[in-house]
Structure formats: structure tokens, C-alpha cells
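See below for the structure under consideration.
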Amino acid sequence: MQRLSRLAAAAVCAALAVPLHTAASAQTTPRPAATEGSVALSAAHMTVQVDPNFPAVDRYTWKADGSVLHGRTGPTGTLVVNGKTYTPESTGVPGANRVDYTLRVAELDLVIKARLAVSDNVLTFQVTGIEENGEHKLRTLAIPDQGLVSARSDQPGAQLADARLSFTTTYDHEDPIDRHTKLADAAVDAEPRGSTYAILSTDGLAAAVETNSLEDQSRVLIRTSRTGDAKSTALSSGTWTYRPEPVGGHDARPTELPYAKVALTGDRNDDGNVDWQDGAIAYREVMYRPMGAEKTKNFVASNIEYNTNSFASHPFTRVLDDIKKGNRLTDGLGQLVQLKGYQAEGHDNAHPDYGGHINEGAGGRKDLNFLVREAKKYGASMGVHINSTEAYPDADTFRWDMVQGEDKPGWTYRDRSYLINREKDIQSGNFAKRLDTLKKDVPGLEFIYNDVYYGRGYNAYELARTQHERGWMVHTEFEDFVDRDTLWYHRSAQRAENGIRSQIIRFIQNTDRDVWYRKDAKLLKGNGDIGYGGFESHTDLVGWQRTIFTNNLPTKFMQHFPITKWTDHRVDFTDGVYSTDETGTWQLFQGDTKLAEGNKVFLPWDPKKQSKIYHWNDEGGTTTWKLPEKWRDLGTVKLYRLSDTGRQDEKTLKVTNGKVTIDAKARTGYVLYRGKAAQQTTVWGEGALVEDGSFNSHTFDAWSRDGAARIETNDEGWQFVRFDGSGQARLSQQLKGLKPGTYAASAYVRVAGGRKATLSVSDYGGEKVSRSTDVSPAVNKDPVNVWSGTKFQKMNVLFTVPKGHSTATLTLSGAAGASGAAADFADVRVSPSKAPAGADKHYFTEDFEAADRAWGPFVNVEGSGEHNPHGHRAERHENYTRDTISGDYSLKSFQVEQGDAWRSIPQNLEFKPGRTYRVGLKYQSDNNTQYRLQVRSGGAGDKDRTLVDDPLIATTDRPLDSWPKASDPRPDGWNDAAPPQGSAPSKEYATVFSTGDADCGDPYLALTSAGGLGAITVDDLVVDDLGPAPDSGGDCPATGGTDLAIGEVTANPGETTPLTATFTNRADVPVTDVRVELNAPAGVTLKPVSATRAESIAPGDTLKVDYELTLADDLKLGSYAITGEVSSHYRDQRITATAERRVTVNCKPDLRCEAEDVTLGGGTAVETLARGQSGKGYVNFPGGKGGYVEWKVDVADAGDYALAFRYALTTGDRPLTLSVNGKEISTDSYPVTGAWDKWSEAKAKAALKAGSNTIRLTAAKEDGPNVDYLTVVSAS
């Protein structure tokens, strides 16, 4: 997931702060380097001379030809324990091919037992025991300049190859990290330098060091020193972490005992030379292999099934059908399926609740376990996305003391999150406890994807160990993090420009991991797809199949064979396999058999057993292929075309001279079998109440059909049913296994040409229920939905099954219509639900408590649909969250950009022609000016009118997502770091409006945003039909029932100015008990000077209320909201009207004009971290390009003025565009200040007019510097 701005700085700082080893004590007497008196350890391939009393190596001799490598290059004999240097009492006891050492650190009462042992071609250093006899605990251990192996520059061919992980977190860019150095050219090192992988080689021998040091960028220490007239380059292990320092009173459990291994080899790939590639082959034989590494080569397909924003677009039973489609399209290739959004309302919502909070809208725990269990039958390994970096207050496990503090916010995923105190979380055992809950809830999972994980060292080690102990493979987002244990990196799968960019590391680990930079990987390719399950709008099943056949399948074939040699245009593997582009076109061979060329493939699978052969040809047409040796004695073979329902169109191909000729359709998958393949049977909709509800079978076998209906497939491979005949048609299915209770039947529906689509349920023990629509006015903007970008929208109907009944009839129908008119249905589903409160008392109600109904009658209309909308069902967490009103859930919108957030659609909330309606709801808002509720007529052309347009004024003086006030009371027994807090205050809002005839349009409700960082929740929506609308004389209604307006006002501090609020009754009857109330913020005084109430206002009449507005003398510059609300009664129904007007105090010359007090837009935000700013805060630009801060400046005289902007910028190029009175002046890159608390001034000159001027700074790129204030001075 891409959300770099929130943590990148922290990650980069961490990446740069990796220690090697430190020496805190002073006088030591190191043991000199020597070979005289050494002990010779002999094994099959080599003899190694070692120090008899201290674990140090002097010399390696290769028995086959006498080739030599060296060991330590200087004095040894010291230990660095917990960062301090000691000279231990050390003794050794020789044994068979080993020496056992005792290292006693008297000052710490610490004894370390260690061993040097030789077997075959490997020397192993191993700590075999630790005796902590006193109060001191071993935390870290280093052996300075141990020099486990070294080579000299005067040895022929002496070279070093090493790769140091970069820990970059920049998207779409990765620098190569390999370094190849001739030892003669190596610089002499004053101190060891760190690397992650390192291989020494000469013309005779190569050697590589494997160690369980947790220092990611200093796992291996490299040091070049002078040895007489030559240079020696030695490899040692980096510092070992045995246990970290305790955090919060929690002492962590130890890691493994420290070890390091040196693997030596001669020419291993039989190319007549010894180089780093031979050393890499030897390294593979001793390297650590994480859990599940042997499975990587069989995970041909990756897929992320995504739920977000409470939509549950991929319910668990649908995901199972998706997996079956993938299985059939690939004839059973292994799939790695990640469930992103398996919990709560989707994606990161309610993390870090890993278990106990399963997504009910997607089917809950029961359906999730069914999915995980059944998916294995189709070659899929299931895992889930978790977040252990950030915590959201709506999580059941959230506590204030689990995070780093109020000033350490994380990503805002529909709610504010905070960065977890990772060390405390790990060491306290809380992280493990949450994983235990997940393991109990969903025991069949096979991997965990650790999203946005930046932990290193012990934290990364313990994360992986904890997950391995529960039987899970480890995946993460960013390459390099959790390097030793991660099998799959999200970024490298999604983007060719990201991944580990190292020939050395890929040579070693190509078989084990999917983590590679792919942009220039033309010979090895790489696992390169995140599937069709909706993540980042990836829903193209057809394109996914092509990627599998042309990219992933060859990649995985090659991963079955370790690399033996790699040159610029050819990679050789074991078993005679090689990849080459020497002809200018990529080709893959095994021996003399061509397996692929360009985008044509003829690959046996699995690569060892070769029980079948896959074929793909982008261009289509006839091609001839030589069969693998195991197939050449056959007379005929069977060819099948692969579809999403399985093998089709069986053909018999004749084998001629060991070859077959295939006539293939373009971009179509095929599979060859030796003989007739087994019959396939697929049951669609398993685990769901509706059989084949997505029409995946391409048949109506599960449905009863009456009339003209057909199944269509869109360009991405998804099915829907279409009614477009001249007469009425219907499909029906009997539902079975229902239990007493309420259910929701739903389908995605799209209509065209006015044809009516109806979804109904009958025969369940109650009256038939149905919903219909003949319009589809809104584009689907759920970015993870397969129907995103179309007019398909969800329609649902509730029904309650009484006791004694267990069946029902579900019917989809399309009315008769003209040619070209159509009614389409997709993804039909029935799931347990609950009726909203008061449903039997009102025309329509919604309380947002039912997970299956998501946003109730509303659909997302925000943005382009390519990115997640900014809304979801906010969940109550008592004492922690403030953004719920009634019950456990409210519908929340947060940081919505300019434009509509949501709207109702007729198929879920129909406002019928010629009626009068009252709409009421409760809401919370933390912003006076951002959100407005509108009722629109939905008409065409000049008939599209806004009938109601009311601001939903703030109900609280602090953000809905905010840390508790420190001064709030703490009840007895409360033991969290911050006090408890309750929900924010809410208001009730209601309005009335009338609809015109059918030609006036289809009215709807909409929440619209002016853009900004504010949040709003709505709840308890109630709609009442008040009866026929008044006669409009054939005209369409122009407005709603009542209206409030606050007059324009201009004022200066210390002055009193008149202000008028006007209430207008636009209804057809008098409104009674009219009460007008205006409110102002601190520093602004409002005094009514006329009546604020009226017993009755006749239709068309107004009530004007006059006020005196006074601004305090010391009122700071900024914009101040005057808000108004009128309550009245319409036909005994309480209704409201609201209004808002801003009074602006402008900046003036010679004043400090704080940025946090003026107008912001485009996602700019006020931050209040203590960074030396002059006022309460400063302005940041997290919203990216186009975000702005805008001052109003009053000057007495026109002329040139000097502008000075105080800013801070740690690093990078973040230019701002300066405009004055709408005219762009310049775009400037601000010089870095070096830290966020170091401020500088950027200066400019501008011509200002007499009176009010607008000065704006706009982000020209994806971010900007922090801006503190503006000063304006006359240039004269």
C-alpha cells in the first residue's frame, strides 16, 4: 500500500543509524594474530588453522590444489558485550575437528562457551552456551576484527563482491546495491564497514560468510588493512543481538545463540574460473532459509482480495469463487491469496485487532474459515493483511499507552491512527497475544502480510519468529525490511521499479523469494502481479491470466532450478535449464528443448514431474514445439483450451518426430496432457445462501428462467445477467437452509433505457418484499469493486423469516422494454442482517448498524473512483472514540476533498413524484464550513435544482479524531496513559421538500464538501412521507420548505457592525414556533436587537432578525464562522434550517500573520507539534500538489511590498508557487533548513493594491515546507 509520507522520514533515519560495534571501555591486551602454535582442524575438503585459546581463524588450505585463504588480519582477543569492550579469560579444548572455548568476563560474572568446528567445506563459529551468573544480562555481543576469512591483494584474482541493503522507501525507484571491488583497489578502512552479503574470491578459492547477526546493513563487517606490501580484506560477523534492552519493564526473550559460518569452494559451476558466483553457490548450502521458502517456486499467482470502506465488495464466499476462476484459468497453478480487509470495516480499520473482529459484512468468522478451508482444494494458500505499525482507536485492543503519543500520528485511514510503540508491543507479549486471537479465530491461515512495516533488528526478528511459531510464512510491504524472513514483498510484486536490486542476492536466493526488482530483469523476470481482487483497482481477470502465462509461469519454472552462472545475456540453472536473449529475443531452454520465446510459452509443469504442458501465444496462430524428453515417445497428446470454468475443446494432437503443432487463439491459455484429462466439476457459490449468484457457471443451471435472459461477460472477465427482450422476464431460485431471523437480499443492478429491474423475495412466511428501479444515475466509485466505473450499484431488500420456515424464493426480473433498454443484475447475495430501528413507523429509516448494508441508502460519489473514498461506518469503542452517535456505528466522512462525498439513489431510497417528505438525521461535525447537506431534484438540464442546501455546522470544538484532554477526569481504576473520553456532541437536523411530477427528476440526498480536514458523522436517518405535494401549476419545485440566510458583513477589531439573519418560509403551509439562533466564536459578540421568535410565518413570508456584531479589540487575523439555526414546525413535524457566514480579520503590514489562522485548502493542515513556531501551530502540506495557504492582507496605499514567509524544511525539493490577487508571481524551491525545528525566511516582492489583497502559497509538487507565518512590509 502506498502511503509513504507518514513514515518515510522515520524509516530513513532508522536506516542511517545502524551501529557496527562500539568500544566503551578502554585498556585491553588483545591477542596477536599468529599461526604459530595454532590448531589444525581437518575436514574432507580443507584444513583450517585456528587459535588454540580464542575463537579466531588463521588460515584455510584447500586440499584439492593447495589454494589458500586467510583469517584474522590483526590482533584479536577482545569481546564487546552490551556495547563495552572487555578482555576475557579465554581457554580452548581441542576435539575432533573442533575447538571448544571458554570466555570468562570477570567484570560481568559472565561465561560464554563457543566452538570453532570444520565439516566438509564449512567452518562454523557457534556460541554453545551463556552463563549469566550475576545481575548482568547479555544483550549484544561482538568480536572485534575476528576476521573469519580474509584474502590478500597479492593473491591472483582477489576480489570482494558485496551487497548492502538500502532500505529505501521511495516508490518507483531503486538503486543497484552490488559492489565489486578488486582488493588491490580497495581503500584501507579505519573502522569496519557494514554490508549484508559478502563474498571473497581469488583465482583458487571463494568464500562467503553467513551469520545470524540482526544488523541488517552490517550483518557482515568488511575491513581492509595493510599487510606488509599488500592489503588484506577480512570478513567478520556483525554484532549479535541476544536480547534487547528492556522496555516498559518488559525484558524480551532471547534470540538464537550467535553463530557464523564460512563456506569455501573452488570452481562450483564448472566454467573454469573461480569468482563470486562460485562463492554464492557455496553460500546457498549454509544460508538461513525462512519458513516456507521451499514453497515459493510453486506460488505462480498472487492475488489480493480487497475490502475497504465498509463496502465488503469481496465477501468471503465470493472470494472462494474468484479462487476457483483463477484455478480453472490456470489449470490448477498455485495461488497466493491475501485478504486485505478481512477484519472490521476493511483494510486497516480497527487494527491492531487481528482476531475477534472479523468483517461481518464480508461474512464473518464462519464464512472466513469456510473460505480458508475450501481454498486449499484449489491450490490457494490464504493469508491476511495486518498492521503492527499503527493503531486505530476503534480497535478493541487499543489503549493510549500502546502508542508513542499524541504527537506521533500514523496514517489517516478513514480514522486517525497513532504509531505503535513497537518495542513495548513486542516485549510485553501483547503483539503475540493478538496473533494468538487470530490463530484461534482462523487456524487455517498460511501466511501473514505485515503492511507498512519498518521494524529492524530484534523487532523484525521477533515479529517473524512469533509468526513462524504459529505456522505462518512472513510477507511485508517494503523491500529489505525483515530481509531474512520475508518471502514476498508487496512493492516488488506491484511495481517493476521496486524490489531488491542485487544480482548477488538474487543469484543466491532466486528459488526462495519473490522480492526482486523487475524493471531490468529480462532474463529472470519476476513474480509481477497483485491479482484481480480490487487492490488499487486491479480487477482485470483477463489481463491477470496473460500475466500469469507470459511472466509468472516462466519465472516460477526458473525458480525450480538454482542459478549456477549469470552473464549479461544468459543465465544458467541446474538441470540444463538456461535463459537467454543472445538472439535479441528472450528465450528459455532445457537442454535442446525450447520452452519459451518472447510471449510464446510451451512449459512443462511441474518442472520436475512434467505431467502437463502449458501453452500461450499472444499473437495466436500455428506453432510447432519439441516435446520434453519424457513426452517424445508418445503417439498423441490431448490439448485443452482453458476457460474460467475449466478445460474446454478437447483436441487430439499427433506427435511427429517428438514434436507437436498447435493452432492457438491469441491470448488464450492451453494445457496439454499425455492422455485424456480428468473430468472437472465446479460448484459455484459454495458456502453462500445463493447458488451461483455471480453467474460464474455461464449457465442458468441454478436458476429457473422465465422469458428472455442471457449471461454476458465484460471485458475483464466478470459475468452478469441481462434482461433486454421485448417482454418481461425473470430468474428465480429457491433459498434453502434459512434460520429464523432477518436477511438482506442484494444484487448489483444497472438499467438503461428506462427498463425496470426488480429484486424480490417471497414464500418465506411473510409478505412478498421487493425493490425496483428504472434509472441508474450514479457511477460506481467503489475503487475495489469489479463494477467500478460502471452504473452497477447495490440494491437490497430486507425480509424476516419466522419460526417454522427455512426456505424462500428469490426473484430477479426485468420488465418489458423497448429495443436497447436493458436491466442487468450481478453478484446476487443473501446474508443475515438486521432491520433498522423504527423501520415499521416511517417511510424509510437507516441506523447504519447492519454491516451488509454498508452506507445504507447512500453510495460513494467522491473523486474519480481510482482511490479509496473517505468514508466508512465508524465503530464505537467506549472511552476511546468520539465519532459515533447512536448504537455501535455511524456513517463517517473524513477529510473529503472538494465535491460530493455521498448521495442516495432511487433503488435504495426513492422519493416518489408529487409527494412531500421530511428528512431527519443526527450528526456530529468538527468543522463549520466543510460539509453541507443538500437535496437535489435530479432533473435534466434546467430542471436539476438544489432544493435544500444547509451547512452541517460544528457540534464540537475539537476534531472528532482527537486525543483526550489531559485535564479530563480519570475514574477510579482507570490505568491508561490518557483519560477516557465519550462521543462528541451531536445535533438533530430535519428538513422538508416536495417533489414534482416524474419529468422533474429523481430527487436525492447528497453530502457535499468544500474540501478540508474535517470529519462528520451521520446517524438515525428518518424519512417520512407527509402526503401529496402542493399543486405547483406544472412547474418543478425550486426550493425546499424553509431557508435561513445570514447577511454579508465586514468588520474590524474593536468595531460594532449590524448583521441581519433572514428566515424564509417556502413551504405550502404556515410554519409555527419559529426560533432563530445565531452563534459566534470567542472574540466575536452577537447581540439580537429584534425579535428572534415568531408564532407563525405564512408561506412566502420572512422573519428578519437584526443583530449587533462586535469584534474584540485584540482579535487575531483569521476567518471566524457565524453560524445560525432555525427550528420550526411544519404540519407538527419539527424541521430545521441552518446557515453560516464568515467574518474575516485580515492581515496588515508590519504584523506577524500566522499561517494557522488563515484560509487553507487542497489538503493543507495545521500541526501543533512543538517545533519552535511562533504561534500555536504551523501549516503542513500533506494533501500534495495543489494544497494552499491563503492570507488576506489589507494595505492603505497601493505599491510594492516585501513579503517574508517563515518556513522549515528538513530535506528535499518542495517548491511553492506564490500568487497575488490571482496572478502567479513565481514558483520557488525553498532552501533546506536541515530540521523541522530550524526556521528560515523566504522573501519576495509584490505589487499590492489599496484595500484587500489575496496572497497564496500553493504546493507545486507532492508536498511543501512547513509554513509558520507571513510578514508584509512596504518596500519604500
I want to check the label-to-label distance for residue 1055 and residue 191. Put each point 7 Å from Cα in the C-beta direction and report it in nm to one decimal. 6.5 nm
Using alpha carbons only, how many degrees (0 to 90, rounded to 10) separate the axis of helix 458-469 from the longest principal axis of the chain? 90 degrees
Roughly how compact is the stretch 1153-1274, stated as its Cα Rg over 2.2 N^0.38 Å to two decimals? 0.99
State log₁₀ I(q)/I(0) for the stretch 592-680 at q = 0.19, 0.23, 0.26 Å⁻¹ as given by the Debye formula over alpha-carbon point scatterers of equal weight, solvent excluded. -0.83, -1.26, -1.60
Provide the percentage of antiparallel DSSP beta bridges, counting only those with both residues in the stretch 276-375; round to the nearest 5. 10 percent
Of the listed pairs 433/525; 408/965; 295/594; 1087/1116; 519/1238, those with alpha carbons more than 28 Å apart are 433/525; 519/1238
With an 8 Å cut-off on Cα pairs and a minimum separation of 6 or more residues, tell me the relative contact order of the stretch 1042-1145 in percent. 36 percent
Per-selection Rg to Rh, the stretch 689-835 - Cα, Kirkwood hydrodynamic radius: 0.96
Over the stretch 592-680, what relative contact order in percent results from Cα pairs under 8 Å that are six or more residues apart? 33 percent
Please compute P(r) over all alpha-carbon pairs of the chain, binned at 10 Å starting from zero, and give each bin as a whole-number percent. 2, 8, 14, 17, 18, 16, 12, 7, 4, 2, 0, 0
Magnitude of the Cβ-charge dipole (Lys and Arg +1, Asp and Glu -1) of the chain about the Cα centre, nearest 20 debye, reported as 3120 debye
Distance in nm between residue 1275 and residue 408 label points, each 7 Å along Cα→Cβ, equals 4.8 nm
Between the stretch 1220-1270 and the stretch 1126-1180, what is the separation of their alpha carbon centroids in Å? 20 Å
Aspartates and glutamates with Cα under 19 Å of residue 63, excluding same-chain neighbours fewer than 8 positions away: 120, 203, 267, 270, 275, 278
Which value, in nm² and rounded to one decimal, describes the direction-averaged projected area of the C-alpha convex hull of the stretch 190-240? 3.9 nm²
Can you list the residues, at least 5 places off or on another chain, whose amide H is less than 5 Å from the amide H of residue 271, using H built in the peptide plane? none
Between residue 68 and residue 44, what FRET efficiency comes out of the Förster formula 1/(1 + (r/R0)^6) with R0 = 22 Å and r the beta carbon distance, rounded to 0.05? 0.80
How much FRET efficiency would the formula 1/(1 + (r/R0)^6) give for residue 1228 and residue 175, where r is the Cβ-Cβ distance and R0 is 41 Å, rounded to 0.05? 0.90
Could you give the dipole magnitude of the stretch 689-835 about its Cα centre, charging the beta-carbon of Lys and Arg +1 and that of Asp and Glu -1, in debye to the nearest 20? 480 debye
When only Cα pairs under 8 Å and 6 or more residues apart are kept, what is the percent relative contact order across the stretch 882-986? 30 percent
Kirkwood hydrodynamic radius for the stretch 14-284: how many Å is it when counted over pairs of different Cα atoms? 19.0 Å
q = 0.10, 0.14, 0.18, 0.19 Å⁻¹: log10 I(q)/I(0) that the Debye formula gives for the stretch 1042-1145, counting C-alpha atoms only: -0.29, -0.53, -0.78, -0.84
Taking R0 as 30 Å, what's the FRET efficiency between residue 770 and residue 841 from their Cβ-Cβ distance, rounded to 0.05? 0.90
Report, in degrees rounded to the nearest 10, the 0 to 90 angle that the Cα long axis of helix 430-441 makes with the longest principal axis of the chain. 80 degrees
What does the helix-only formula give at 222 nm for the chain: each DSSP H stretch with n ≥ 4 adding -39500 (n - 2.57), the total divided by the residues, and the result rounded to the nearest 500 deg cm²/dmol? -2000 deg cm²/dmol
Report for the chain the percent antiparallel among DSSP-assigned beta bridges with both residues inside it, nearest 5. 90 percent
With everything on Cα atoms, drop me the angle between helix 364-375 and the longest principal axis of the chain, reported from 0 to 90° to the nearest 10. 40 degrees
In whole µm²/s, the translational diffusion coefficient that Stokes-Einstein assigns to the stretch 909-1040, given a Kirkwood hydrodynamic radius over C-alpha pairs, 37 °C and 0.692 mPa s, equals 193 µm²/s
Rounded to the nearest 20 debye, dipole of the stretch 1055-1123 from Cβ charges on Lys, Arg, Asp, Glu: 100 debye
Sorted by chain and number, the residues with a modelled amide H under 5 Å from that of residue 1042, at a separation of 5 or more or across chains, are 992, 1066
Cα extents of the stretch 766-878 along the principal axes, largest first, in whole Å, come to 52, 46, 26
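We did not get these values from a lab; they are worked out from the coordinates using the rules stated. Note that the structure is predicted; figures quoted are calculated from it, not measured. Every residue, glycine as well, gets a Cβ built from its backbone with ideal geometry; the counts of neighbours run over all protein chains shown.
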